[in-house]
Amino acid sequence: MAAWQTWHEHHAAFDDAQADEDQLAFAFGPNLASPRSRKKLMRIQQSISKKRKAELVGREFDLLVTGESDETDMLWEGRTEMHAPEIDGKVYISDFGAREQLTPGEFVRCEIIESHDYDLVARII
């Protein structure tokens, strides 16, 4: 059985369709010995993640505000219940809605307004 077929059969084991190479190597063992195989699997993983993230656009979630983004001071970051820290992608907050400020550690309601390969962009509602 080809490594990509094995991956497709087992990808449901990853809650958010995002896994780093260590997680994939653990799940599929020696099938990932070659860098070429790893690259192929990561491209497949990226495609699946992108599709799943796109399905979330327009949906509302409770969001735990984690703080200002390291990427830029124009964005903040948060996590929904489906985002594990340092494992899953991030939720970038681009619009505070009627709020003037956010406080790390607070929960707010958000709407997902944009998706990327592994990350989401949200606005506070």
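The values are calculated or read from the model by the stated rules, or taken from the named source; none is laboratory data. Everything numeric in this text was worked out from a predicted model, so none of it was measured. In this analysis, Cβ positions are derived from the backbone assuming ideal geometry, glycine residues included, and neighbour counts consider all displayed protein chains.
On the given criteria, is Met82 in the same structural domain as Ser115 (by TED's automatic domain parsing) and touching a Ser or Thr at 6+ places or on another chain (Cβ under 8 Å)? Against the criterion (in the same structural domain as Ser115 (by TED's automatic domain parsing) and touching a Ser or Thr at 6+ places or on another chain (Cβ under 8 Å)), Met82 does not qualify.
Considering (1) within 13 Å of Arg123 (Cα to Cα); (2) within 12 Å of the chain's Cα centre (by Cα); (3) not hydrophobic (A, V, I, L, M, F, W, C), the lone condition that Asp62 does not fulfil carries the number (2). Within region 33-55, residues that are at positive phi and of a type outside the set (Ser, Thr, Tyr) reach no partner that is exposed (fewer than 14 other Cβ atoms within 10 Å of the Cβ) and not in a helix (DSSP H, G or I) with beta carbons closer than 7 Å at six or more positions or on different chains.
Which of the residues spanning region 86-97 are touching a residue at least 12 places away in the same chain (Cβ under 8 Å) and assigned to a loop (DSSP other than H, G, I, E, B)?
Ile87, Asp88, Gly89, Lys90, Phe96, Gly97 - these are the residues of region 86-97 that are touching a residue at least 12 places away in the same chain (Cβ under 8 Å) and assigned to a loop (DSSP other than H, G, I, E, B).
The set of residues in region 63-98 that are loosely packed, with under 11 Cβ neighbours inside 10 Å and closer than 14 Å to Cys110 by Cα comprises Glu81, Ala98.
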